[in-house]
Ligand SMILES: [Zn+2]
């Protein structure tokens, strides 16, 4: 088990591109920018579409559902406040093929994670008002 509730964990430092992502997370929503011209959803968040270079990105709320595209187990203590072993997954979100983010996988033993496993976002409060999007089996 990890002690993901440790108060010594690093806290996100939002910038102009990622501030809406973290604001949505604090509200329990997974949100990313979508291109108004071609519909492409971008991760990591950015103000220019990575597919067509249009500059009109609109923030949308995603379902928070996806599947495990790839995974590994962290055995070393690389992040303060997070105790190994910890499952790390690359999650493909259901809204768009190839839209993937790297996340902690909670709620199951690290050795139980499988490629293709259905997962959903959870939002853990790691500091007052700061919630970290992570995923768990669904
Ligand atoms: Zn575009």
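Taken together, the values in this text are just the output of simple stated rules run on the coordinates, not laboratory data. Quantities reported herein were computed from a predicted structural model and do not represent experimental measurements.
Given a cut-off of under 8 Å on Cα pairs at least six residues apart, what relative contact order in percent is computed for region 86-138? Could you put the intermediate results ahead of the total?
Working: 80 pairs, mean separation 16.8, N = 53.
Over region 86-138, the number comes to 32 percent.
Would you calculate, for the chain, the mean residue ellipticity at 222 nm contributed by helices, counting each DSSP H stretch of 4 or more residues as -39,500 (n - 2.57) and dividing by all residues, to the nearest 500? Kindly include the intermediate steps, with their values, before the conclusion.
Details: 1 runs with 8 residues, N = 138.
Helix contribution divided over all residues of the chain: -1500 deg cm²/dmol.
Using alpha carbons only, what's the Rg to Rh ratio of region 16-62 with Rh from Kirkwood? Provide the component values of the computation, followed by the final result.
Working: Rg = 10.1 Å, Rh = 10.4 Å.
Radius of gyration over Kirkwood radius for region 16-62 works out to 0.96.
Any idea how far the Cα center of region 12-38 sits from the one of region 68-90, in Å?
Between the Cα centre of region 12-38 and that of region 68-90, the gap is 23 Å.
Among the DSSP beta bridges whose two residues both lie in the chain, what percent are antiparallel, rounded to the nearest 5?
On the way: 31 of 32 bridges.
Percentage antiparallel, nearest 5: 95.
Can you tell me, using C-alpha contacts under 8 Å and at least 6 residues apart, the relative contact order of the chain as a whole percent? Walk me through the intermediate numbers first.
Details: 307 pairs, mean separation 35.5, N = 138.
With pairs under 8 Å counted, the relative contact order is 26 percent.
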